[in-house]
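Here's the structure we're looking at; comments come further down.
The values are calculated or read from the model by the stated rules, or taken from the named source; none is laboratory data. Predicted model, so just to flag it, every value in this text is computed and none were measured. Every residue, glycine among them, receives a Cβ derived from its backbone with ideal geometry; neighbour counts consider all protein chains shown. These accessible areas exclude ligands, DNA and RNA; they are computed on the full protein's heavy atoms, side chains included. Shrake-Rupley method; radii C 1.70, N 1.55, O 1.52, S 1.80 Å.
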Amino acid sequence: MLDKIKYAAKLSFIGGSSFLKIFIVGSFSAVFSFAIGLLLFIYGPYLGVGNIGGSAGLMALLAVFVIAPIQSISLTMILISNYFIFSMASSYAVKKVANRLLNDKGEALLYPLIDKALDKVISDTSVADKQNWVQKGFDFSLVQMQIVNNIKNQSENKWIKKMLIYGFKKLSVDDIPFNDPKLNIREIIKDRVINAIREMASPSKKKFWYMILFHWIAVLVILIMNLI
């Protein structure tokens, strides 16, 4: 038990540190590039010649967008990008944890958590129940939603929960023959969830660096537009 706690703490550290590295660098780039872009815009040829007169509030904002649409959109996109940086950081951290878990052959850590999530939704399903599912056009997406909510409510490692949620959201049961009396739904679901996690366990910073590049391209665009 102590070893599992230590290993879970290790995964938490990997997830947390991976998230922070991406988010801090990305946020710094967004804030710094936005500040430079804003200064270039303010001291550019548009706001310094009285183009927006004495208007204020919404009218002033609209006037700025009309006078310099490219610069305004560039600044707005930099500002919005911070939301995507948060999402990228979270996704990268989950993939990093998943990659470490699978490299350590730690799938066994996930099985009891999957069972715990399934217990509240799918008990030992009888053959009759499975046949009823087929006859009634069983909608597994409703079960998926319940399972995901169960995982969210578990007091487990944050990053492991995110992994499991990803695995269950990717779970497909369209090809499962529910009318097969020998069907073991639990085992099939567990195997497919693990496979989904395995497929996504390839952390990459490519999109993140593209976002950083976009910040500075936007600043360059503002500078060029000021010089035109």
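Go through (1) in contact with a Lys or Arg (Cβ under 8 Å, 6 or more places away or on another chain); (2) within 26 Å of residue 19 (Cβ to Cβ); (3) without any contact (Cβ under 8 Å) to a residue 24 or more places away in the chain for residue 213 and report which single condition fails.
Only one criterion is unmet by residue 213, namely (1).
Taking into account only those residues within region 173-221 that are modelled with pLDDT under 90, farther than 23 Å from residue 110 by Cβ and touching a helix residue (DSSP H, G or I) at 6+ places or on another chain (Cβ under 7 Å), which is least open to solvent (accessible area, probe 1.4 Å)?
178
Based on what the data block shows, is residue 75 open to solvent by 90 Å² or more (accessible area, probe 1.4 Å) and at pLDDT below 95?
When the stated conditions are applied, residue 75 does not pass them.
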